[in-house]
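*Asks:* Input: one structure, supplied below.
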Amino acid sequence: MVDNQQEILSINYELPKPIAFNCWKHHLGYVRNVLDKQTNYSKNDTFLREIVQFIGESQFDYYLGTLDVFSISNEVIDYLKSVKAFSHNDFKEWLASEGADYRCISLSDGSNWTLRLGQGDDRYIHIHPSRHSKKTIRLKSSSLKTAYVFLFYYGLSDAEISIAKVNHVRNKFAKLPPLKLTSPLAAISRIINFFIV
């Protein structure tokens, strides 16, 4: 692994405990920051395949707002402390108090976030953007995976998006089936355009 690559892959673990947050799956600003600082790890096959693993499957909500991952984490922590739901047991009780396994809160920028019980004892507050929240969009995992590997492989300066290039990275890094030559690239282009500022 390249020196700064470990830092990039471990950011979720650098967030304040007990927050569990998949930055690759849910935060445009985080990924944009990584792309802006990208160095020679961008062509590292292992790195690109590991990024794809952070995304998972299905659909999810993706935050486009200006709060960075540390601000989001700290606002969630401050909120839970204010409602006395910060300890592991208090958090579990707070979640269950409305008869569901999750709760939604609003942050300072008006975005809504869903809180669930995380899997680890030291990262028991799992957060992600709420569905249909302000400053978010709904994405398919295959489209985001394709956009990520395209951007990291070809770079932000290569604005030419073609079926051949997209299929190359889909096959090599994301293990996704090729798009047909007649397939529209609108979804992937839309995601890539979020990163070009």
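*Asks:* Of the residues S130, S87, only one is out of contact with any strand residue (DSSP E or B) (no Cβ under 6 Å at 6 or more places or on another chain), modelled with pLDDT of 95 or more and either aliphatic (A, V, I, L, M) or not assigned by TED's automatic domain parsing to the domain that holds K37 (or both); which?
*Replies:* S87
*Asks:* Taking the stretch 1-58 as the search range and keeping residues that are of a type in the set (K, R) and at pLDDT 70 or above, which one is nearest to S73 (Cα to Cα)? Break it down stepwise before answering.
*Replies:* Taking the stretch 1-58 and keeping what is of a type in the set (K, R), we get 17, 25, 32, 37, 43, 49.
Then drop every residue that is not at pLDDT 70 or above, which leaves 17, 25, 32, 37, 49.
On the way: K17: 9, K25: 15, R32: 18, K37: 22, R49: 27 Å.
My answer is K17.
*Asks:* Here's another thing I want to ask about it. Checking V34 against (1) buried (at least 17 other Cβ atoms within 10 Å of the Cβ); (2) in contact (Cβ under 8 Å) with a residue 40 or more places away in the chain; (3) of a type outside the set (K, R), which single condition isn't satisfied?
*Replies:* Unmet for V34, out of (1) buried (at least 17 other Cβ atoms within 10 Å of the Cβ); (2) in contact (Cβ under 8 Å) with a residue 40 or more places away in the chain; (3) of a type outside the set (K, R): (2).
*Asks:* If you don't mind, there's one more thing I want to ask. Out of all the residues in the stretch 21-38, which are over 13 Å from Y148 (Cα atoms) and of a type in the set (F, W, Y)?
*Replies:* Across the stretch 21-38, the qualifying residue is only F21.
*Asks:* Moving to a separate point now. For the stretch 167-178, what are the residues that are touching a helix residue (DSSP H, G or I) at 6+ places or on another chain (Cβ under 6 Å) and of a type outside the set (K, R)?
*Replies:* V169, F173, A174, L176, P178
*Asks:* If I filter the stretch 67-76 down to residues being part of a helix (DSSP H, G or I) and hydrophobic (A, V, I, L, M, F, W, C), which single residue comes out as surrounded by the fewest Cβ atoms within 10 Å (Cβ to Cβ)? Please lay out each step first, then the result.
*Replies:* The first filter runs over the stretch 67-76 and keeps only residues part of a helix (DSSP H, G or I), leaving 69-76.
The next check asks that each one be hydrophobic (A, V, I, L, M, F, W, C); those that pass are 69-70, 72, 76.
Details: V69: 21, F70: 14, I72: 27, V76: 22.
Out of the qualifying residues, it is F70.
The values are calculated or read from the model by the stated rules, or taken from the named source; none is laboratory data. Every value quoted in this text rests on a predicted model; they were computed, and no experiment measured them. As a convention, Cβ positions derive from the backbone with ideal geometry for all residues, glycine included, and neighbour counts pool all protein chains shown.
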